[in-house]
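The structure under discussion appears below in the form of structure tokens.
The values are calculated or read from the model by the stated rules, or taken from the named source; none is laboratory data. Note that this is a predicted model, so its numbers are computed, not measured. So basically every Cβ, Gly included, is an ideal-geometry build from the backbone, and we count neighbours across all protein chains shown.
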Amino acid sequence: MSAFPHLPDHFLHWAQQREQQIVDGRWLPTVTASSFLPRRVYGDYLHWLLAEAETQTPAHRHRVAPSIGTALEEELRRGQVIRHVGRLQNCRSVGNAVQVNYRPCGEAGNTELAVGAVARW
């Protein structure tokens, strides 16, 4: 019943890691490959998977005017701008710079950047 065809034991391993919350002692003493788990448990598994996927995927993408997009692409090509992809956690002013804290896509921890200059086109 795994959500992943290429990982047939994914649901089983997930359930075994949460065995304390799943077992009831009388009807389900332990979680094994032959256990019949309630639909609620599979629903919890799917909910957990979606929540995990949401943390790995940017919530939205920002759009810019075509002229700014063209200028940014040119600066990227020349190596004058670095693109960081992730979820913004917070920003704060520090003197003449901006401190940006974000979580890079696919990583668990946050990264902090000091942005000293913002270009204007």
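Taking the listed residues GLY86, GLY109, the one that is within 18 Å of the chain's Cα centre (by Cα), of a type in the set (Gly, Ala, Ser) and surrounded by 12 or more Cβ atoms within 10 Å (Cβ to Cβ) is GLY86, with no other qualifying. Put simply, of GLU19, GLU75 the only residue that is in contact (Cβ under 8 Å) with a residue 40 or more places away in the chain, more than 23 Å from the chain's Cα centre (by Cα) and surrounded by 11 or more Cβ atoms within 10 Å (Cβ to Cβ) is GLU75. Report yes if some residue within segment 44-52 is modelled with pLDDT of 90 or more, out of contact with any helix residue (DSSP H, G or I) (no Cβ under 6 Å at 6 or more places or on another chain), within 30 Å of ARG103 (Cβ to Cβ) and outside any helix (DSSP H, G or I); otherwise report no. The answer is no; no qualifying residue exists. Remark: pairs (first residue in segment 90-103, part of a strand (DSSP E or B); second residue among the acidic types (Asp, Glu); Cβ separation under 9 Å; 6+ apart in sequence or on different chains) = GLN99/GLU112; VAL100/GLU112; ASN101/GLU112; TYR102/GLU112.
Inside segment 68-81, residues that are touching a helix residue (DSSP H, G or I) at 6+ places or on another chain (Cβ under 9 Å) and at pLDDT 80 or above make up a count of 1. If I filter segment 22-43 down to residues being surrounded by 10 or more Cβ atoms within 10 Å (Cβ to Cβ) and outside any loop (DSSP other than H, G, I, E, B), which single residue comes out as modelled with the lowest pLDDT? So, considering only residues that are surrounded by 10 or more Cβ atoms within 10 Å (Cβ to Cβ) and outside any loop (DSSP other than H, G, I, E, B), the one modelled with the lowest pLDDT is ILE22.
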